[in-house]
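The values are calculated or read from the model by the stated rules, or taken from the named source; none is laboratory data. This structure is a prediction, so every number in the text was calculated from the model and none was measured. Heads up, the Cβs are rebuilt from the backbone with ideal geometry, glycines too, and the neighbour counts pull from every protein chain shown.
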């Protein structure tokens, strides 16, 4: 930002300083609003990033271990129902993108 001030008297100096103060205040409030908006966007992205990362980190082994635990505790029918709900009769039939939801439901049992 470049500011040129030509002053030819005390009244002009006061007016120039007031104009400068108003301009700086306007720029500051604009910058604050932009910073708040950028911060809100970053927070939103940060909140969704862990969810995506969690989906990417659920493996077939994790799901298999949880389902095996449920089966051993006598919940064979519930496990079969879960598998069908998520697209298959056995774990290898389930699409990888369904693993996070399947694991979440299995953990809720």
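One table, with the values for the structure above:
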item	result
Selection count, the stretch 95-109, where residues are touching a residue at least 12 places away in the same chain (Cβ under 8 Å) and not in a helix (DSSP H, G or I)	1
Of the criteria (1) surrounded by 10 or more Cβ atoms within 10 Å (Cβ to Cβ); (2) modelled with pLDDT of 90 or more, which one residue 89 fails	(2)
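Residues are listed down the side, and each one gets a yes or a no for (1) touching a helix residue (DSSP H, G or I) at 6+ places or on another chain (Cβ under 6 Å); (2) at pLDDT below 75:
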{"site": "9", "(1), (2)": "no, yes"}
{"site": "18", "(1), (2)": "no, no"}
{"site": "43", "(1), (2)": "no, yes"}
{"site": "46", "(1), (2)": "no, yes"}
{"site": "55", "(1), (2)": "yes, yes"}
{"site": "74", "(1), (2)": "no, no"}
{"site": "98", "(1), (2)": "no, no"}
